[in-house]
Structures are given as C-alpha cells and as structure tokens.
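Notes to accompany the following structure.
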Amino acid sequence: MRYQIEFATTWALGAVLMALAGGVAAGPSPQGQSDHAVAGAVRTAQAQTHSDPAAAPVAEPETPSSAPAPGTVFRDCSTCPEMVVVPAGKFMMGQTDGDQDEKPVHEVVIAKPFAVGKFEVTFDEYDACAADGGCAKYPHPSDESWGRGRHPVIDIPWLGVSGYLDWLSQKTGKHYRLLTEAEWEYAARAGTTTKYAFGDTITHDQANFSYGQVGQGHTVEVGSYPPNAWGLSDMHGNVWEWVEDCYDIGYEIDGKKMPADGSAYTFHGCPTRVARGGSWDYEAKDLRSAVRYAVKPIYDLEDVGFRVARSLD
C-alpha cells in the first residue's frame, strides 16, 4: 500500500492506530489529489463479523444458452449507458509484486456472464437522470469547467451513486448496480495476466493519466483511447471508478478470505469504499489492473466517477 503522506518507519504503527480510530482515505500517491483524501490504512472492529467465503463451494463458470454472446453491445433505453456482455470465467486477482493490499493473489470464479458499461457513466447520461426527476440528491455535479457531454461524470460520492442506479433500474426494469471489485478487475484484465490490459507498460496513447505535473490535467471524453480486448474503454485512467466493496488492507485478514465467487466484500460500519483504475491525475504505476484505492464514501472528488453493471438473468 502506498500512502498519500510518507511516514517514517517509526511512525508506521501510529499511522495504523489512527486509521483504526476512524476510516480514512488511502491509496496510490496522487498527482494533485484534493485535501478530501487523507492518507492511512483501514481496519475496523467490524472486520471480525465478515463471513468466511472459503467455507462455501465456488461455482464453475457457465454460459446459459439464453444469455447474449460475450462481446454483444446493447442499450436498455436511448439515454441508458451502452453495455457490453462480459464472459464467464476464472482469473487470478491481485499482483504478487504489487502493493500489500493486492495480496495474496487468489483465484476468483465469475460463474455467469454479466453486462458492464462500455464507458464510464457520462454527464449526458447522468444529466438525463436529473432531467427525468431522478438523481435528486446530486442533480448537478460540477464538471470543473472541463466540459459535460461525453466526459465522465465526476464529483459524485459513493453514497450518491445510488440515485442514478435506482433511476436507471426503475426506467428499464433491470437491476443496475456498481461492479464488485472482483468483477472490475476481471473486466479490466480482459483475459490478461499482465500489469495492464495492454501489457506490462502503458503509454499516453493508451490512457489518460498524469504527465507528472501536480494537478495539471483533466478528464477527456470517454472512448478517446483504445478499448481492451473485451471492448471496454478507459478501464485504465481518465477517472477512478467506484465499486461496491468495502476496503480492507489485504485479501486475507485474520484468517478471513475475500469472496472467491466475484461477489462484493462488505461489512457493517464500512468506513471506506474502493475505487479502481487510476485517473488523469495519477501516474502510470497507479493505473495497474490490480491497484486498489480506498476513499470515504462521502467524498465527491474531481477524479472519481463510476461505471455500471447488471446481471443478464
């Protein structure tokens, strides 16, 4: 785990104890992150209530005959996000030479195909929700003067995403949701085992990320860069993407293992949620498929957006 503030080694225990006292944002070193996000590791007393998913058998991947073929692109309405069908399968989650919170590397089985937003949710799509009477709690998030339209919607806290998901679900009769953290990494990797979907390196021709100058950058329109092998754009860079899960400091805590079936890892009193993918204000190393970023769910940040998913049942 990298911190936004570097602590001397002799201070490490104190930093963790401070985090135990109250959830704080932790994650990769920013290139101009706002003061909202305070450094620290995250552990809570509620962690002891986690269920042990290792006790339950994990289903093998399957593709129901009625499911649309992987790679199928569709919309459920004219103002709805464009969706791509992702295949069932298995993958190894995490990275052996990555940050501590990316370990241990473990197998996850995605038992059924599901649909993922081809792009991050845009201002056009979010503004359609507000115009239709939805998204009432956050009806007009700021675009930081970078443009609305097909730019990814930003400045929406995790707690505010539900307004859009509820509106979309009611409008379509389908259950829209955030991706789980495992689903997100599975979709980002798109069958690869390298650090990025494009290999072990990434360039500015492949993603929108920092040139190393603090705060010098902005979002770009979604789909401005090549998609991964499964047709998903901007899984690396542009904006971090909220996922459903609570954050913890590793994939195995006090003998409790993270779900191996692709479901979300949540617990009562969850102080931080996870964002994935890196952003315009972070360096290439922070765009790796395995990188995790812990952010308080009340924070609305200029470099965090979201992508939607739904089951095909």
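Screening Gly269, Gly262 for residues that are farther than 16 Å from Gly98 by Cβ, more than 16 Å from the chain's Cα centre (by Cα) and either at pLDDT 95 or above or not in a helix (DSSP H, G or I) (or both) leaves exactly one candidate, Gly269.
Restricting Tyr186, Tyr176 to residues that are surrounded by 14 or more Cβ atoms within 10 Å (Cβ to Cβ) and touching a helix residue (DSSP H, G or I) at 6+ places or on another chain (Cβ under 7 Å) narrows the list to Tyr176. Residues that are surrounded by fewer than 18 Cβ atoms within 10 Å (Cβ to Cβ) and of a type outside the set (Lys, Arg) are absent from region 112-123 altogether. Restricting attention to region 243-266, the residues that are farther than 14 Å from Glu181 by Cα and touching a Ser or Thr at 6+ places or on another chain (Cβ under 7 Å) total 0. Is at least one residue of region 210-221 within 21 Å of Glu107 (Cα to Cα), in contact (Cβ under 8 Å) with a residue 12 or more places away in the chain and surrounded by fewer than 23 Cβ atoms within 10 Å (Cβ to Cβ)? Within region 210-221 (the criterion being within 21 Å of Glu107 (Cα to Cα), in contact (Cβ under 8 Å) with a residue 12 or more places away in the chain and surrounded by fewer than 23 Cβ atoms within 10 Å (Cβ to Cβ)), the answer is no, since none of the residues qualifies.
Scanning region 291-299 for residues that are under 13 Å from the mean Cα position of the chain (by Cα), aromatic (Phe, Trp, Tyr) and either crowded, with 21+ Cβ neighbours inside 10 Å or closer than 18 Å to Val116 by Cα (or both) turns up at least one hit.
Please enumerate the residues belonging to region 272-285 that are buried (at least 24 other Cβ atoms within 10 Å of the Cβ) and either in a strand (DSSP E or B) or not polar (S, T, N, Q) (or both).
Let us first name the residues in region 272-285 that are buried (at least 24 other Cβ atoms within 10 Å of the Cβ), namely 272-282.
Correct list: Arg273, Val274, Ala275, Arg276, Gly277, Gly278, Trp280, Asp281, Tyr282.
Selection over region 233-259 of residues that are outside any loop (DSSP other than H, G, I, E, B) and in contact (Cβ under 8 Å) with a residue 60 or more places away in the chain gives a count of 10.
The set of residues from region 142-180 being among the polar types (S, T, N, Q), outside any loop (DSSP other than H, G, I, E, B) and more than 14 Å from Glu244 (Cβ to Cβ) comprises Ser169, Gln170, Thr172. Under the condition of being closer than 11 Å to Arg150 by Cβ and aromatic (Phe, Trp, Tyr), the residues counted in region 118-136 number 2.
Mind checking which residues of region 93-117 are of a type outside the set (A, V, I, L, M) and assigned to a strand (DSSP E or B)? First the steps, then the outcome.
Applying the first criterion (of a type outside the set (A, V, I, L, M)) to region 93-117 yields 94-104, 106-107, 112-114, 117.
Within region 93-117, His106, Glu107, Phe114, Gly117 meet the criteria.
The values are calculated or read from the model by the stated rules, or taken from the named source; none is laboratory data. Keep in mind that this is a model prediction, so the values were computed, not measured. Backbone-built Cβ (ideal geometry, glycine too); neighbour counts: all protein chains shown.
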